[in-house]
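What follows is a set of notes on a single structure, which appears directly below.
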Amino acid sequence: MILKEIIRERRSAKSFILDKAIAQDKLSEIFESATLAPSGFNLQPWRFITVQSLSNKEKLYSCAFKQEQIRQASAVLICCGDRHVFSPEYIESVLELGKSSGSMNEKHADFLRGAIPTFAKFHPSYDSIEAWTNRQVMIAVTQMMLTAKSIGIDSCSMEGFVSKAIKENFDIPEHWDICCLLALGYSANERKFGGRFGVKELFYQESYPQ
Ligand SMILES: Cc1cc2nc3c(=O)[nH]c(=O)nc-3n(C[C@H](O)[C@H](O)[C@H](O)COP(=O)(O)O)c2cc1C
């Protein structure tokens, strides 16, 4: 499928075919696409917990307002954002990636050693760090949804869950924000397009509309 069709035809699955598991190589392809997402300063704060066992799906289901997709999906990802990516050690590991891939010289690395902590301290473009982690992680989630669609797998990103309950049940530390759940599997029903507002209604030329 070409990207235009994938974007147009992707639908959120509201129910999945039971017992139809996603092959491991397909899951790996989906996961790989998340790792390739862009992020601020290339900090890649996304972290994913893959839930596939019946017992853990059952636990997650009870933390997600008993939404059936959780129990039916072949796999559900708990998509998290790590707030600790602004630590000096982690920043150093990102700079190392850049240096070893040949995209970063020492001068630029030195600039980032100062700029990244300053950005985190003053956070001029967000109020709460949770907004920042969500901003990054949802791009990776979108890449997974589109990659899944391109290989015949359906998905549903979900915000209907209780963060506190998931953190308790899955031992997720305070510094990981849960951005969404991503259910993956084979849709049991064809869903109709729900409609969208158009470009004319959403894009404004140069400034806030008067
Ligand atoms: C951030 C986000 C959270 C969502 N949460 C839920 C959810 O908790 N349960 C659910 O069934 N669908 C959820 N959806 C799916 C939406 O219902 C769906 O995207 C929307 O109705 C448009 O339909 P489509 O994705 O099939 O085009 C969510 C979608 C997004 C992007």
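Values in this text are rule-based calculations from the coordinates and carry no lab data. In this text the structure is predicted, and so the values were computed from the model without any measurement. A quick note on method: Cβ atoms are made from the backbone with ideal geometry, for glycine too, and the neighbour counts reach across all protein chains shown.
Brief remarks on what is shown
- Value of Rg to Rh for the chain (Rh from inverse mean 1/r over Cα pairs, i.e. Kirkwood): 1.01
- For the chain, excluding the exposed loop sites themselves (trypsin sites (Lys or Arg not before Pro), DSSP loop, at most 15 other Cβ atoms within 10 Å), the longest remaining stretch covers 67-190.
- Taking GluC sites (Glu not before Pro) in DSSP loop conformation with at most 11 other Cβ atoms inside 10 Å as exposed sites, the chain has its longest uninterrupted site-free stretch at 1-158.
- Estimated FRET transfer efficiency when R0 is 41 angstrom, pair A165-F119 (beta carbons, to 0.05): 0.80
- In region 8-158, a dipole from Cβ-located charges (positive for Lys and Arg, negative for Asp and Glu) runs towards its positive end, and of F86, V141, S62 it is S62 whose Cα lies farthest in that direction.
- Residue of V137, V51, V199 that the Gaussian network model of the chain assigns the largest fluctuation, springs spanning Cα pairs under 10 Å: V199
- Between D19 and L36, the contour length at 0.36 nm per residue exceeds the Cα-Cα span by 3.2 nm.
- Region 144-210 versus region 1-56: alpha-carbon centroid distance in Å: 11
- For the chain, built as a Gaussian network whose Cα springs stay under 10 Å, the top-fluctuating residue of Q69, Q24, Q136: Q24
- In this structure, S103 and H175 have a Cβ-Cβ separation that, at R0 = 22 Å, corresponds to a calculated FRET efficiency of about 0.20.
- Chymotrypsin sites (Phe, Trp or Tyr not before Pro) within region 34-66, DSSP loop, no more than 12 other Cβ atoms inside 10 Å: F65
- For region 22-138, the dipole from Cβ point charges (+1 on Lys and Arg, -1 on Asp and Glu) about the Cα centre works out to 300 debye, to the nearest 20.
- Added length on full extension, which subtracts the Cα-Cα distance from 0.36 nm per residue, S207 to E130: 25.0 nm
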